[in-house]
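Below is one structure; the comments refer to it alone.
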Amino acid sequence: MYICIYIVYTYKKMELHVIKWGDSLGIRIPQSIANQINIQDGSRINLVIKKNKIELIPVDTDVFELDNLISLISEENLHDEAETGYKQGKEKW
């Protein structure tokens, strides 16, 4: 389901207009707001309903840090060396 909301700025509140989009409803997020919450075309957003209100929350992108990944290694998930075949090109073994 998509919700289309046009936002008109007035002092401390916004007037929203929901627009039909196919069989669903859609929202439009102004670029200035998208910039504030660091979303862009293709960003993933969680839609949460709380007390009959809709919250749109950007999904954190997975940032992999080597130290964090290494800290996840344990005896249970540690594997033996893997055979990768004969060297090719100018690799040094």
Q: Just order 30-39, 44-53 by mean Cβ neighbour count inside 10 Å, highest at the front, would you?
A: 30-39, 44-53
Q: Rank-order 19-29, 77-87 by packing density, defined as the average count of other C-beta atoms within 10 Å over each peptide's residues, highest first.
A: 19-29, 77-87
Q: Compute the Cα gyration tensor for region 9-93, then decide on rounded, prolate or oblate, letting a ≥ b ≥ c be the square roots of its eigenvalues: rounded whenever a/c is under 1.5, prolate when a/b is larger than b/c in the other cases, and oblate in all that remain.
A: prolate
Q.
Between Asn46 and Glu81, what is the label-point separation in nm under the 7 Å Cα-to-beta-carbon projection?
A. 4.3 nm
Q: Would you tally the net charge around Val48, using a Cβ to Cβ cut-off of less than 15 Å, leaving Val48 out, and scoring K and R as +1, D and E as -1?
A: +2
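No value in this document is a laboratory result; all are computed from the given coordinates. What you see is a predicted model; the values in this text were computed from it and never measured. Because the Cβ atoms are built from the backbone with ideal geometry, glycine has one as well, and the counts that use them run over all protein chains shown.
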